[in-house]
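Scroll down for the structure; my scribbles are underneath it.
The values are calculated or read from the model by the stated rules, or taken from the named source; none is laboratory data. What you see is a predicted model, and the numbers here were worked out from it, not measured in a lab. Ideal geometry is used to build each Cβ from the backbone, glycine not excepted, and the neighbour counts take in all protein chains shown.
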Amino acid sequence: MAVGVLLLMLLATLRLTLGEDFLGDSTSFLKPFKAPDGNIKVAFHHRQNGRKTCVFQSPYTCAGCSSFVNHGVMETDHDITGYGRWCQSEEHTMANILWNVSHISLSNTGCCWPPNINNKTDWTSHAYLDLGTRSDTESLNNCPVTTSVSSLRLPQNCFSEIHLLAHDPDGDQVKCHFSIGATVYNISLDETTCTLKKTGHLSSGVYVLEIIIMDFPTQRISLSNAHGTSTYWETSHNNVLPLCQIKLQFLLEILPPLPNCELGHVQPKFLEPTPKHGYVLHAAVGDEFILQAKAQAHHSIIYDFQVSGPHEMKKEFNDHEHGKAELTLTWTPQYSDAYRVAPVCFTAETNESQSEMRCVVVVVSKPPSFHGKTAVTCSANKMMITIERSTLSDVDVNQLSLNDPSCLVTYNTTHIMASVLFNNCGTTVEDKEKHIFFKNQIQTSHDPSKIVFRSKMLKVGFSCQFPKTATLSSNYNVEESDYIFSDSKFDTFSYSFDVYSDGNFSSKVHPSAFPVQVEFLQNIYLGIRAESDLANVSLFLDSCKATPDENADNADFYDLIKEGCVKDPSLRAEMVDALLYHLEFQAFKFEDSDQVYVTCSVFMCDVNDPFSRCAMGCLDKRFRRRRQAASKQFSIQSLTQGPFQFVTEDFSRAALQHNNGLRNIADVQMIKTATRKKTEMDCNDALKKNETFIPVFSEILLNGRLEMKKILSTSFSTAVLGSVCSLSVVVLVIVITYQWWTVRACKAFSAGLKNI
């Protein structure tokens, strides 16, 4: 009896200990395929969330599978704080299925959820997949893909909705609903968008969420199986049975409220170039895939990004000034990943909160059929390709041409070579969201006089890619203000953002003169130039705004140009040529700062594209709807110039002798300002004296008149008194005239200084 009680106590203790281990899981299928023996193979990845260590997973059971081949459990991400609060692992499994099986069902159970408001203890995992061949695609069905990060945390007063990932590779309609029997408090689920929404008060604590994700065809199709029979599958409106269903389960921790729910304050906000939620990205077997995300929290510290992705995906974290942090994910898919649709989710982490969860899918294509050793070189107006002949056996080099068959390639004993301008030999131009592509290919020309061929056909595409947008920033600690931004695989445009001393735009302000000293209403002259020899590209100035510091995302800002429209009444923007803008506007200042930075966003566009951002021009109310309808999302990046500093005090002698007499524009401006202020002070003193003199003299004159009346009433001589009165009037006129000319001279001198 005692031994039995002790055993029960040990089991209870073990059960309680394991209760801290399970935080949720998800399953993602690869596209099923038929093996040469007629049997079906289904591969899937199981991601499981837990605490401290995630290298162990409970085994799945499969109804309909003949065997399992597991490829081991690998950790994908973990808590870096040292407390082991969460981690995630992924296991790759290949299921072998007999030819006559129509569907498979995966299941798994275990214990235990951590203590939660739902009072859930045991957990279950489930996935179902029909193995019939679809009539619309002539292939087996693809399941929806989904996942979540290991630990979702949201402040009590800042939680409004959570977007879940539910992507179907076949383009089927996806629906979501809560698991049958699941207890949900004050949280609803939109079944068509798979979005969780808060519907009432949520107490602080941990909530268990169990979601079933299903796909339905968008039209009536048939599914045929190995028995030769077919069944018809209706859309979700006419049929409750899905083609596939998988279970997503995770924990949501409701944190104490925050004093401010504005994104970017304490709760991190995502910045460009972070991909939007639900984006479909592409990778290829053997090529490195890179995903970048940025976030910012002005009043907190982002210490990490939490990631749910393939176990081979590498994560690099970097933090920057102003509460910014950057995530870089790199992944090189292997041959086993061909045709995989891999879900990736991520959040930015602070001690007080967490950003929204963003999720994307990465579609992996098979490796290209040709692996010859090539090298592409891009220049301002042409591209060149070389191919090692040793990698092209049985290719007739005499039959090779470019897109235009009249443009032949050249070759020697070791290489095949081609050089093509961007506007000839069949080169095509594609204006994408973020880049301009120039494409051509080397191909085997077809000779119509020949009926048979005894050499291998060749088709090698090559291209040059130019980024349409650029980020230029300057702290003016260098000697030039030109910056070049590049991708190692492609050529680039270069840009300059300069300050000029006058409206002729002929003399640049040297970087040593910064911060540039300006005064109210003084004109500021800026020039933005793109450097390119391409004849069919154009620069477009989309926006310019002013901020009191170098942080372009500062909440205090003033729009000079917005969406291509001039907003400041003093601004004059001139497009000098296709690659140059001149800007002129009157200086201003912010209430609590004497410095102003100007940030501008630019695009490079194909001048022949009538739907490019350049062609849209100013997006006022008439054209904003057209831009939204075009569904073009542009990655806005910026050029920053400044600071411009307002002069508020007299400059000392040391400031006037800056750089041992080096008279740059800033020095001249300081001298003008100091001289003008001294003159204005002298004039003000003269004005004050004048204002004091006239009333006093008037009072003396008035009193004199009163005394005169008394004198005239006496027996003094009228002639003598008249002479004295006349002399007084003459003196008064002379004094008033002197004061008037003094004031006029001061004002004229001040006006003259302003025009120097």
Counting just the residues of region 98-112 that are touching a Ser or Thr at 6+ places or on another chain (Cβ under 6 Å) and over 13 Å from T61 (Cα atoms), which one comes out modelled with the highest pLDDT? C112
Evaluation of A375 against (1) within 30 Å of M417 (Cα to Cα); (2) assigned to a loop (DSSP other than H, G, I, E, B) (one fails), failing number: (2)
What is the residue count in region 575-617 for residues that are out of contact with any helix residue (DSSP H, G or I) (no Cβ under 9 Å at 6 or more places or on another chain), of a type in the set (D, E, K, R) and in a loop (DSSP other than H, G, I, E, B)? 4
Residues to consider are H167, H177; find the one that is in contact (Cβ under 8 Å) with a residue 60 or more places away in the chain and touching a strand residue (DSSP E or B) at 6+ places or on another chain (Cβ under 6 Å). H167
Pairs under 6 Å by beta carbon, first residue within 14 Å of F644 (Cβ to Cβ) and aromatic (F, W, Y) in region 496-523, partner part of a strand (DSSP E or B) and at pLDDT below 80, six or more apart or different chains? F497/L472; F497/L639
Name the pairs: first residue in region 266-288 and over 25 Å from Y303 (Cα atoms), second residue among the basic types (K, R) and surrounded by fewer than 17 Cβ atoms within 10 Å (Cβ to Cβ), Cβ to Cβ under 9 Å, at least 6 apart or on different chains? A284/K366; V285/K366
Could you say whether any residue in region 131-153 is in a strand (DSSP E or B), among the hydrophobic types (A, V, I, L, M, F, W, C), touching a Phe, Trp or Tyr at 6+ places or on another chain (Cβ under 9 Å) and over 22 Å from H71 (Cβ atoms)? yes
If I ask for residues that are over 27 Å from the mean Cα position of the chain (by Cα), surrounded by 20 or more Cβ atoms within 10 Å (Cβ to Cβ) and assigned to a strand (DSSP E or B), which ones from region 154-174 would you list? V174
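May I ask you to list the residues in region 512-530 that are in a helix (DSSP H, G or I) and either of a type in the set (S, T, N, Q) or not assigned by TED's automatic domain parsing to the domain that holds S496 (or both)? Step through it out loud before you land on a result.
Our first condition is that a residue be in a helix (DSSP H, G or I); within region 512-530, this holds for 512-513.
If the condition is that a residue be in a helix (DSSP H, G or I) and either of a type in the set (S, T, N, Q) or not assigned by TED's automatic domain parsing to the domain that holds S496 (or both), then S512 is the only one that fits.
Suppose the filter is assigned to a strand (DSSP E or B), more than 40 Å from the chain's Cα centre (by Cα) and of a type in the set (G, A, S); does S26 pass it?
Taking the combined requirement at face value, the residue does not satisfy it.
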Quick check: anything in region 81-90 among the small types (G, A, S), more than 21 Å from I246 (Cα to Cα) and at pLDDT below 90? yes
Within region 269-284, which residues are surrounded by 14 or more Cβ atoms within 10 Å (Cβ to Cβ) and under 23 Å from T146 (Cβ atoms)? F270, T274, P275, H277, G278, Y279, L281, A283
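Residues checked against (1) farther than 26 Å from T124 by Cβ; (2) polar (S, T, N, Q); (3) outside the structural domain of K120 (by TED's automatic domain parsing):
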site: D168; (1), (2), (3): no, no, no
site: S179; (1), (2), (3): no, yes, no
site: T183; (1), (2), (3): no, yes, no
site: S188; (1), (2), (3): no, yes, no
site: L196; (1), (2), (3): no, no, no
site: L209; (1), (2), (3): no, no, no
site: M214; (1), (2), (3): no, no, no
site: N225; (1), (2), (3): yes, yes, no
So, restricting to strands (runs of 3 or more DSSP E) that lie completely within region 188-248, which ones have at least 1 residues that are in contact with a Cys (Cβ under 8 Å, 6 or more places away or on another chain), surrounded by 13 or more Cβ atoms within 10 Å (Cβ to Cβ) and modelled with pLDDT of 90 or more? 205-216
Please determine, by comparing only the residues of region 313-347 that are more than 18 Å from P273 (Cα to Cα) and in contact (Cβ under 8 Å) with a residue 60 or more places away in the chain, which one is surrounded by the fewest Cβ atoms within 10 Å (Cβ to Cβ). S336
Among the residues of region 511-521, write down those that are of a type outside the set (V, I, T) and buried (at least 18 other Cβ atoms within 10 Å of the Cβ). A513, F514, Q517
Condition met for L560 (in the same structural domain as P643 (by TED's automatic domain parsing) and either surrounded by fewer than 18 Cβ atoms within 10 Å (Cβ to Cβ) or not in a loop (DSSP other than H, G, I, E, B) (or both)): yes
Search region 213-234 for residues that are acidic (D, E) and pair each with any residue that is in a strand (DSSP E or B) when their beta-carbon atoms are under 6 Å apart and the residues are at least 6 apart or on different chains. D215/V174; D215/C244
G19 passes all but one of the listed conditions (1) surrounded by 11 or more Cβ atoms within 10 Å (Cβ to Cβ); (2) modelled with pLDDT of 80 or more; the exception is number (2)
With (1) touching a Ser or Thr at 6+ places or on another chain (Cβ under 9 Å); (2) assigned to a loop (DSSP other than H, G, I, E, B) as the list, and T347 as the residue in question, which single condition is left unmet? (2)
Mind checking whether some residue in region 538-558 is under 27 Å from the mean Cα position of the chain (by Cα) and modelled with pLDDT under 80? no
Of those in region 120-144 that are polar (S, T, N, Q) and more than 40 Å from the chain's Cα centre (by Cα), the residue surrounded by the fewest Cβ atoms within 10 Å (Cβ to Cβ) is T121
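Pick out the one residue from C618, C614 that is at pLDDT 80 or above and crowded, with 18+ Cβ neighbours inside 10 Å.
Working: C618 fails: crowded, with 18+ Cβ neighbours inside 10 Å.
After ruling out the rest, the residue left standing is C614.
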